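J.: Below is one structure. I have some questions about it.
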């Protein structure tokens, strides 16, 4: 089982580096969920 990053929305209001890190974590989570929901998965 894959561990997904914690998506703390407060990070969106942080500095630009923290916001960029949040968005990168969000993209990772989206890929994992897409893989789980894909037909034949």
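The values are calculated or read from the model by the stated rules, or taken from the named source; none is laboratory data. The shown structure was predicted, so the numbers you read here are calculated from the model rather than taken from an experiment. Every residue, glycine as well, gets a Cβ built from its backbone with ideal geometry; the counts of neighbours run over all protein chains shown.
J.: Suppose we filter region 25-39 for residues that are more than 12 Å from the chain's Cα centre (by Cα) and surrounded by 10 or more Cβ atoms within 10 Å (Cβ to Cβ); how many remain? Can you show your working first?
T.: Going through region 25-39, the residues more than 12 Å from the chain's Cα centre (by Cα) turn out to be 35-39.
Those still in the list that are surrounded by 10 or more Cβ atoms within 10 Å (Cβ to Cβ) too: 35.
Result for region 25-39: 1.
J.: Does residue 5 qualify as being part of a loop (DSSP other than H, G, I, E, B), exposed (fewer than 10 other Cβ atoms within 10 Å of the Cβ) and either at pLDDT below 85 or at positive phi (or both)? First the steps, then the outcome.
T.: Numbers: part of a loop (DSSP other than H, G, I, E, B): yes; exposed (fewer than 10 other Cβ atoms within 10 Å of the Cβ): no; either at pLDDT below 85 or at positive phi (or both): yes.
No; evaluated as a whole, the condition is false for this residue.
J.: Another one. Restricting to region 11-24, give me the number of residues that are loosely packed, with under 10 Cβ neighbours inside 10 Å and touching a helix residue (DSSP H, G or I) at 6+ places or on another chain (Cβ under 9 Å). Let's see the steps before the verdict.
T.: Kept after step one, since they are loosely packed, with under 10 Cβ neighbours inside 10 Å, are these residues of region 11-24: 13, 15-17.
Imposing the further condition that a residue be touching a helix residue (DSSP H, G or I) at 6+ places or on another chain (Cβ under 9 Å) reduces the set to 13.
Looking only at that region, the number is 1.
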